[in-house]
Amino acid sequence: MIEHRLHRLKIQITQIVVFVSCLLSLVSLGVAEDRFFEIRAKKFSYTPNIIKVNKGDVVKIRLISEDVYHGLFLDGYGINTLAYPGQEGAVKFVADKTGRFSFRCSHTCGEFHPYMIGYLYVSPNRLFPLGASGILVFAALSLALSFRKSGKAAKFKLFGLVPLDWRFELTRFKVVRNLFKNRWFPFIPIVINLFVFTIILLAGILGGWGAGNYNFGVMIVWILWWVLLMMFMVPVVGRLWCMVCPFPLIGEWMQRGKLIGVGRQKSWGLNKKWPNKWKNLWPLVILFWISTWFSGFFTVRPLATFMLLGTIIVLAIVISIVYEKRTFCITMCPVSGFMGLYSNFSLCAVRRKDPEVCQKHTLKTCFLGNEKGYGCPWMELPYEMNRNTYCGLCLECFKTCPYDNMGFFLRPFGQDLFAERRRTDDLYRRRGLDEAFKGLTMMGIFLSFFIAFQGPFGHLKDMARATTLGGYLAYLAESFLVDFIFIPGLLLLFAFLSKRMSRTKEVSLKTVFVNLSYALVPVGLAIWAGFSLGIILPNGSYLLHILSDPFALGWNLFGTANFPWTPVFTGIMPYLQVLTVMIGLLFALDLGYKLSLQTYKTVEESRRGWIPILVYLVIIHLFFLKLFCG
């Protein structure tokens, strides 16, 4: 009876979604006409910043610059014009493509030039209702599937296909294992990155306060590195960047006395221990949020990038002298927190192979070290490690294990989200509100970044770059309220509704809040991937210039110094961003219901408790959809 009703409900929801989509499309249709817009350009915004037309309209735009040389390039149409004081620009085109298209400055006009953006809406915008329909259909299917089975499965399967405990060992191949056991790996990649970051630091000094889009440091760090981090390194390999990061190199050299060979196991420094109660993500939640206060400077100003990276390097050295091992990486590196949390979703992991081998090996050389390698620099217990959060992929456990019992595995996305608690989780107060707030604040920071850097609102860009003290303080206040009050409060509300609907008294509200917050891990990765597309596709061509002329000295090392700014695939960028949002939703729905099953005692409680969280996921994804294409 229940399955029959759910089937009817699914059909009705699908019919409603199709009807609404068609209705929205019909309402948006209009009669083609001539449209004229006078757009004024001024650092770093357009007025008007949003223009709306109908499909088939003949659009004429006059561009007037009020300060310096500006351009206007229209995504999807490939139309470009330039203007400077005393010389207007003009374009004319037929709006034959529908949707939302960004128009952006095509001539370097200052530090915020890459983020000088406006929106053109050509109705009917079918992408938004289509995406919204998809969200509702996926939600209806999730609800129907959650009520389909009567009992808890013995093993969770990702999308009902791949067991979440499945894994395939890559180090079964001798060449991979030998590479991981060699002391030159990952030392050589670290040295290569040290060379690259030396150039970055020099470019930061030489670039001063100039525009960042033609600076090697700004482009490599905030365009290339960030995109690779969020779209490949973290979701696929986990803490891959930690493996090859050059920042801890000097500190570890001072601790060990050697760069490549095995030196002292006990640090040459003071070797103090970080307080247990702060060996979790809370310090990183706060520090990363504080670092975003200056995003309007270090992401666009070469010297500000130099100051940020220089501060991180100095802190890494000082903390290494005072505290043991990789204390800086675990508790103070600004990007370590979200890499650790999001790495629990990743496709790869370092784990023990046979638990019995580890149990019989009383020396625990993977933790204490031996003549072939160091005890885990991240102070993990590799012999019982079951999550990626604090595994820096340093590979020392491969070198120190005398039984080759450590493996590098491929496994399903999201496996670590269901790992059992360990004794160190309770000792260090981990896997609680710290990780929940890390995921929630990352969503809030995304929202602030997207609106300030990829939105059309000039006054918000002025607030982010502190043109006035009052505006800057308002920007920080908004960031705090959104990141720590509104977004966590919204999840808390739906967690409360989940607990009430489950009708259980055995599970605390805090447990529901924390456990179900892990459903937002794939959501966070997806929206940051969408944001990263909005960075690399319009601005990636600047990389060709800075590779040939890294210090802005007029060099042309590879013959690409004069390559013009060329946005790539910006016409279909909203479709790609919507696709990333939908992929994140699919994983959130699948993993979220399994988290509900893990949180509540019975299947009935889990189903009832899942409904409010499902509604919450639909609401936030409709909002993200609106940001990217609405």
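The values are calculated or read from the model by the stated rules, or taken from the named source; none is laboratory data. Computed from a predicted model, the values in this text were never measured in an experiment. Positions of Cβ are backbone-derived with ideal geometry, glycine not excepted, and every protein chain shown enters the neighbour counts. What goes into the accessible areas is simple: the full protein's heavy atoms, side chains included, and nothing from ligands, DNA or RNA. Shrake-Rupley method; radii C 1.70, N 1.55, O 1.52, S 1.80 Å.
Just a yes or no: is a residue in region 341-358 in a loop (DSSP other than H, G, I, E, B) and open to solvent by less than 10 Å² (accessible area, probe 1.4 Å)? Walk me through it before giving the result.
Going through region 341-358, the residues in a loop (DSSP other than H, G, I, E, B) turn out to be 346-347, 353-354.
Then drop every residue that is not open to solvent by less than 10 Å² (accessible area, probe 1.4 Å), which leaves 346.
Yes, region 341-358 contains at least one residue that is in a loop (DSSP other than H, G, I, E, B) and open to solvent by less than 10 Å² (accessible area, probe 1.4 Å).
Filter region 51-68 for residues that are of a type outside the set (D, E), in a loop (DSSP other than H, G, I, E, B) and touching a Pro at 6+ places or on another chain (Cβ under 9 Å) and give the result.
Pass one, region 51-68, residues of a type outside the set (D, E): 51-56, 58-65, 68.
Subset that is in a loop (DSSP other than H, G, I, E, B): 55-56, 68.
Within region 51-68, K55, V68 meet the criteria.
Which is within 30 Å of Y475 (Cα to Cα) and either open to solvent by 20 Å² or more (accessible area, probe 1.4 Å) or assigned by TED's automatic domain parsing to the domain that holds A452 (or both), of I260, I290? Show your work before the answer.
Details: I260 fails: within 30 Å of Y475 (Cα to Cα).
Checking each option against the conditions leaves just I290.
Residues of region 161-210 being in contact (Cβ under 8 Å) with a residue 60 or more places away in the chain, closer than 30 Å to L591 by Cβ and open to solvent by 50 Å² or more (accessible area, probe 1.4 Å), which ones?
V162, D165, W166, R167, F168, R172
Do you know which residues across region 79-96 are among the small types (G, A, S) and closer than 18 Å to K52 by Cα?
Just the residues of region 79-96 that are among the small types (G, A, S), to begin with: 83, 86, 89-90, 95.
Matches in region 79-96: A90, A95.
Looking only at helices (runs of 4 or more DSSP H) that fall completely inside region 199-260, which ones have 2 or more residues that are more than 30 Å from V523 (Cβ to Cβ)?
On the way: elements: 216-219, 240-244, 249-256.
It comes to 216-219, 249-256.
Matching residues to (1) open to solvent by less than 10 Å² (accessible area, probe 1.4 Å); (2) of a type in the set (A, V, I, L, M, F, W, C); (3) within 23 Å of K325 (Cα to Cα); (4) part of a strand (DSSP E or B):
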{"position": "M379", "(1), (2), (3), (4)": "no, yes, yes, no"}
{"position": "E384", "(1), (2), (3), (4)": "no, no, yes, no"}
{"position": "T389", "(1), (2), (3), (4)": "yes, no, yes, no"}
{"position": "G392", "(1), (2), (3), (4)": "yes, no, yes, no"}
{"position": "C397", "(1), (2), (3), (4)": "no, yes, yes, no"}
{"position": "D404", "(1), (2), (3), (4)": "no, no, no, no"}
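Take G131 and decide whether it is buried (at least 20 other Cβ atoms within 10 Å of the Cβ), in contact with a helix residue (DSSP H, G or I) (Cβ under 6 Å, 6 or more places away or on another chain) and not assigned by TED's automatic domain parsing to the domain that holds E38.
The answer is yes for G131.
Only one of F408, F398, F418, F446 is aromatic (F, W, Y) and either touching a Pro at 6+ places or on another chain (Cβ under 8 Å) or within 30 Å of N49 (Cα to Cα) (or both); which?
Working: F408 fails: either touching a Pro at 6+ places or on another chain (Cβ under 8 Å) or within 30 Å of N49 (Cα to Cα) (or both); F398 fails: either touching a Pro at 6+ places or on another chain (Cβ under 8 Å) or within 30 Å of N49 (Cα to Cα) (or both); F418 fails: either touching a Pro at 6+ places or on another chain (Cβ under 8 Å) or within 30 Å of N49 (Cα to Cα) (or both).
F446 is the lone residue from the list that is aromatic (F, W, Y) and either touching a Pro at 6+ places or on another chain (Cβ under 8 Å) or within 30 Å of N49 (Cα to Cα) (or both).
List the helices (runs of 4 or more DSSP H) that sit entirely inside region 460-541 and contain at least 3 residues that are open to solvent by 30 Å² or more (accessible area, probe 1.4 Å). Explain how you work it out, then say what you get.
On the way: elements: 469-480, 487-502, 509-517, 520-539.
In region 460-541, 469-480, 487-502, 509-517 are the helices (runs of 4 or more DSSP H) which contain 3 or more residues that are open to solvent by 30 Å² or more (accessible area, probe 1.4 Å).
Kindly indicate whether V59 is over 24 Å from L627 (Cα atoms), outside the structural domain of M573 (by TED's automatic domain parsing), surrounded by fewer than 18 Cβ atoms within 10 Å (Cβ to Cβ) and not small (G, A, S).
So V59 does not fit the description; no.
The rows are residues; the columns are (1) open to solvent by less than 30 Å² (accessible area, probe 1.4 Å); (2) acidic (D, E).
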{"residue": "D549", "(1), (2)": "yes, yes"}
{"residue": "L557", "(1), (2)": "no, no"}
{"residue": "F563", "(1), (2)": "no, no"}
{"residue": "F569", "(1), (2)": "no, no"}
{"residue": "Y575", "(1), (2)": "no, no"}
{"residue": "V578", "(1), (2)": "yes, no"}
{"residue": "L586", "(1), (2)": "no, no"}
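Need the failing condition index for L410 against (1) open to solvent by 20 Å² or more (accessible area, probe 1.4 Å); (2) out of contact with any strand residue (DSSP E or B) (no Cβ under 6 Å at 6 or more places or on another chain); (3) within 30 Å of I583 (Cα to Cα); (4) touching a residue at least 24 places away in the same chain (Cβ under 8 Å), just the number.
Unmet for L410, out of (1) open to solvent by 20 Å² or more (accessible area, probe 1.4 Å); (2) out of contact with any strand residue (DSSP E or B) (no Cβ under 6 Å at 6 or more places or on another chain); (3) within 30 Å of I583 (Cα to Cα); (4) touching a residue at least 24 places away in the same chain (Cβ under 8 Å): (2).
Here are F623, F628: which of them is crowded, with 19+ Cβ neighbours inside 10 Å and modelled with pLDDT of 95 or more?
Values: F623 fails: crowded, with 19+ Cβ neighbours inside 10 Å.
Result of the check over F623, F628: F628.
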